[in-house]
1. In the stretch A:148-165, which residue that is in contact with a Cys (Cβ under 8 Å, 6 or more places away or on another chain) and closer than 16 Å to A:R215 by Cβ is surrounded by the fewest Cβ atoms within 10 Å (Cβ to Cβ)?
2. Return the residue satisfying two criteria in turn: it lies in the stretch A:57-75 and is farther than 30 Å from A:Q144 by Cα and of a type in the set (D, E, K, R), and of such residues it is farthest from DNA strand B (Cβ to nearest atom).
3. Would you call A:T232 free of Cβ contacts under 8 Å to residues at least 40 places away in the same chain and touching a strand residue (DSSP E or B) at 6+ places or on another chain (Cβ under 6 Å)?
4. I'd like to verify a number: residues in the stretch A:91-105 that are part of a loop (DSSP other than H, G, I, E, B), within 11 Å of DNA strand C (Cβ to nearest atom) and farther than 10 Å from A:V62 by Cβ, how many?
5. Using the structure shown, decide if A:A148 is closer than 20 Å to A:F190 by Cα, among the small types (G, A, S), more than 11 Å from the chain's Cα centre (by Cα) and modelled with pLDDT of 95 or more.
6. Six or more apart or on different chains, Cβ atoms under 8 Å: show the pairs whose first residue is in the stretch A:114-132 and in contact (Cβ under 8 Å) with a residue 24 or more places away in the chain and of a type in the set (S, T, Y) and whose second is part of a helix (DSSP H, G or I) and surrounded by 11 or more Cβ atoms within 10 Å (Cβ to Cβ).
7. Looking at the stretch A:14-29 only, could you name the residues that are without any contact (Cβ under 8 Å) to a residue 40 or more places away in the chain, surrounded by fewer than 14 Cβ atoms within 10 Å (Cβ to Cβ) and not in a helix (DSSP H, G or I)?
8. Determine whether the stretch A:61-74 contains at least one residue that is β-branched (V, I, T), under 20 Å from A:D114 (Cβ atoms), within 20 Å of the chain's Cα centre (by Cα) and surrounded by 14 or more Cβ atoms within 10 Å (Cβ to Cβ).
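The values are calculated or read from the model by the stated rules, or taken from the named source; none is laboratory data. Nothing here was measured: the structure is a model prediction, and the numbers come from that model. Cβ coordinates were reconstructed from backbone atoms using ideal geometry, including for glycine residues, and neighbour counts include every protein chain displayed.
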Amino acid sequence: MPEGPSIVILRELTEQFEGKKVLNALGNAKIDINRMQGLKLISCRSWGKHFLLVFNGFFVRVHFLMFGTYRINERKDAPPRLALEFSNGELNFYTCSVKLIDGNVNDVYDWEKDVMADEWNPKKAETELMKTKTTKVCDALLNQEIFAGVGNIIKNEVLWRICVHPESHVTALPAKKLKEMIRDARDYSFLFYAWKKEYVLKKNWKIYKKGECPRCEIKTIRTWLGINERLTCYCPNCQLLYLNPESKVKSAVKKKAKAVKKVKRTTKTASL
DNA sequence: ATTCATGTTGTGAT
DNA sequence: TATCACAACATGAA
C-alpha cells in the first residue's frame, strides 16, 4: 500500500466523496472523530505517502505506514481505525496512523516536494541534494523532505534504472547523473502508478527482490543498507559506485576485494 | 509455521 | 541540546 503512487490511486478512488457530508464518523483512532460528524468533506488530497481528508479549518492525515489498508464501499472483518459514512457510500481505514491537524493543508505541505504532484520542482530537489555531505543515494531517495512519495521499491528500481550503486554519495554523482536520478524518481513513480492500476506492478520489477540483473544476467546483491537498513537489491556489475574524494581510500580497498571476484562487465542493453 | 517487509514516530539513553 | 538506537505499531505474503 504505502508508496506515493498508491496514495494517488486512493485519492482518485475517493473523489466520489468530495463535497459530501459526513453522515457518521467512527473508529479507534486517537483523535476527536466527532469533529468530522455532519461536516462537508471539502476535498481528498495526497502529499507523498500522506492521504488527506480536508475539512473547513482542519484536515485529517492518514498514513498507512507498512501495513495500513483501506476499503471503499465495503468492510474488512477488523475494527476500523477510521470509518466515514456518506450518502453515496463509505470510506474505511485500517491499521494506519491517523492525525487531525488544525489549519490549512497549503500551510503544512510543500507540494513542490511531492514527486507525483503537478507542482513537483526538480530544481528544489537538486538544491537540497547539493547541500548534503556524506548522504548516500539510498537514503536520499527515501528522504520525504526531498522526494515525498518515494518508497523502498521505487528507490531500488530507480537506482537500477540509472545504473547507480545504492551506497554512492549524492555529491559524488556527476551533475548529469544527479539530474537523471531526480528525473527518474518522478518518471518511475508514474510507471509504478500505471502498473499498480493494471495489477502488473510486481511483474515489472527489474531488481527489487529479483535474483538476477536483467541487464548483466548475473546474481544480484540482496542486503540492508542506509540509515534505516532497508532492503536493498542491486547489481554489483552495472550499478556504479560514486564516492566522495574523502572516501577514495575506502573505495580502493573495496575495488581490490571486488577485483578478486572478477566480474565480467557486459554492455548495457536495456534502454528503459 | 515462521519470517520478514511498499514506514514512521516516539522514547529514553548517551 | 542533539543525536542515536531501538521499540512500537500490526498484516499478510512467501
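1. It comes out as A:C163.
2. Step by step, filter the stretch A:57-75, then rank; the result is A:R75.
3. no
4. Going through the stretch A:91-105 one residue at a time, the tally reaches 1.
5. no
6. Here the result reads A:T132/A:A140; A:T132/A:V170; A:T132/A:T171, each pair linking the stretch A:114-132 to a residue that is part of a helix (DSSP H, G or I) and surrounded by 11 or more Cβ atoms within 10 Å (Cβ to Cβ).
7. Within the stretch A:14-29, just A:G19 meets the criteria.
8. yes
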